[in-house]
1. Tell me which of these ALA307 doesn't satisfy, since it passes every other one: (1) assigned to a helix (DSSP H, G or I); (2) of a type in the set (Gly, Ala, Ser); (3) surrounded by 14 or more Cβ atoms within 10 Å (Cβ to Cβ).
2. If you take the residues of segment 111-149 that are among the small types (Gly, Ala, Ser) and either away from the ligand (no atom under 12 Å from the Cβ) or surrounded by fewer than 21 Cβ atoms within 10 Å (Cβ to Cβ) (or both), which of them is nearest to the chain's Cα centre (by Cα)?
3. Restricting to segment 5-28, count the residues that are closer than 18 Å to LEU41 by Cβ and of a type in the set (Gly, Ala, Ser).
4. Restricting attention to segment 304-318, and to residues there that are in contact (Cβ under 8 Å) with a residue 60 or more places away in the chain and not aromatic (Phe, Trp, Tyr), which single residue is farthest from the ligand (Cβ to nearest atom)?
5. Just the residues that are hydroxyl-bearing (Ser, Thr, Tyr) and in contact with a strand residue (DSSP E or B) (Cβ under 6 Å, 6 or more places away or on another chain), please, taken from segment 144-163.
6. Using the structure shown, decide if GLN365 is touching a residue at least 24 places away in the same chain (Cβ under 8 Å), under 22 Å from the mean Cα position of the chain (by Cα) and under 25 Å from THR109 (Cα atoms).
7. If a residue must be buried (at least 24 other Cβ atoms within 10 Å of the Cβ) and in a loop (DSSP other than H, G, I, E, B), how many such residues does segment 205-224 contain?
8. List every residue pair whose Cβ atoms lie under 6 Å apart, where the two residues are 6 or more positions apart in sequence or sit on different chains, the first residue falls within segment 193-219 and is β-branched (Val, Ile, Thr), and the second residue, located anywhere, is within 10 Å of the ligand (Cβ to nearest atom).
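The values are calculated or read from the model by the stated rules, or taken from the named source; none is laboratory data. Keep in mind that what you see is a predicted model, and the values were worked out from it rather than measured. Positions of Cβ are backbone-derived with ideal geometry, glycine not excepted, and every protein chain shown enters the neighbour counts.
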Amino acid sequence: MHVPLLDLKEQLAPLRDEIVAAVTEVIDSTQYILGPKVEVLEANVAAYCGANHAIGVASGTDALLAALMALDIGPGDKVLTTPYTFFATVGCILRLGAEPVFADIDPVTYNINPEQMAEILHADAKAERRIKAIIPVHLYGQCADMNRIMALSREYGIPVVEDAAQAIGAAYPMEVDGKVVWQKAGAMGAAGCFSFFPSKNLGCVGDGGMIVCNDPELAERIKIIRVHGGAPKYHHGVVGGNFRIDPIQAVVLDIKLPHLPAWHQARRANAENYSRLLRETGLVGEGVVTLPEAVYRAQAEQAPDGADYHIYNQFVLRVEKRDELIKYLHGQDIGCEIYYPIPLHRQACMAGRGFDRVFLPEAEQAALQTMALPIFPELGEERLQYVVEKINSFYRG
Ligand SMILES: *Cc1c(COP(=O)(O)O)cnc(C)c1O
């Protein structure tokens, strides 16, 4: 049986006619850059995320870059982030001439560890005060520990840019005046960045991204930076870039957006089934396979209408003999992948920046032990059972 890591054809099929009609309408309109279709998408994404403003951009990478530019991050500045994420998170810091500072990850959630963040921020505040932004990543579709991260942001007066590329719609139990208020990824920090890369839960037919924020002045700065810093046109008070999204992507995303809650639900159902079936094999009990943990789930079950506590952009296991297992599964025609095999402080392009003396053991372990299984909404029971059977037969022989 063939089980791809991700199959977009199955998602496309029921929407295809609607998408083709909408794209055709854009082509016939000859309005190909920004415009009313993009504005509609921006309003819908802002509403979905509970944010006041949304600014469509050309990719998740450009979302991060434009957000950092709007916060004036540049040479001499440091940005505190996680070493265990897609490269773009750190690439944007480096492209602006700033330096990343890494706090290690939590071994359960793989998200940035707030205790280490606190130590780093404390040391920086006593010495150079060069940390000018914090970028937590809501990895695999589960929010980082934002109560503590936002408390640190307030304590040190440093803005948070959420890398929510993998987490659009993921909800987080924020404590507000002693009560839990479920807030959406991206809407908690100063700015939140989304990617519509096709493999994300909400994907377009190319590259696309979005920034959400609540501060109207920051939104305005980002909008200006999106068009080369020109405001009015041809008058450049700041240097921006071409970070624009096009209406072809916007109409596709607008058609898909209403389906997102059901797709998240289907991914969670797959995660439940994997977890149950893998427990039944005994491999979890024996410690051979460690399941991902949805750390806000218990709280979500008490929320009146539930909450998207995890959107499972990826379903990531920690396993023994990881590389052999992947090879075996590939041989059985099962797609699986390592996110991510090299933590960012160990990347070749980081050489000469002093990171060879930096040890982040949890990120380094995760890079050696984890792997992602197919979790896309249309996966279905039969293929999922087959994946679990093959994992079991790999270890049991
Ligand atoms: C996908 C992703 C990005 C970059 O998004 P693009 O749209 O591919 O530029 C950034 N950060 C994380 C965590 C991502 O997963």
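1. So ALA307 meets the others, but not (1).
2. Applying the filter and picking the extreme gives ALA133.
3. So the count comes out to 2.
4. Taking the candidates together, the pick is ALA307.
5. SER153
6. So GLN365 passes the test.
7. Residues meeting the conditions: 1.
8. What qualifies is ILE211/ALA63; ILE211/CYS193.
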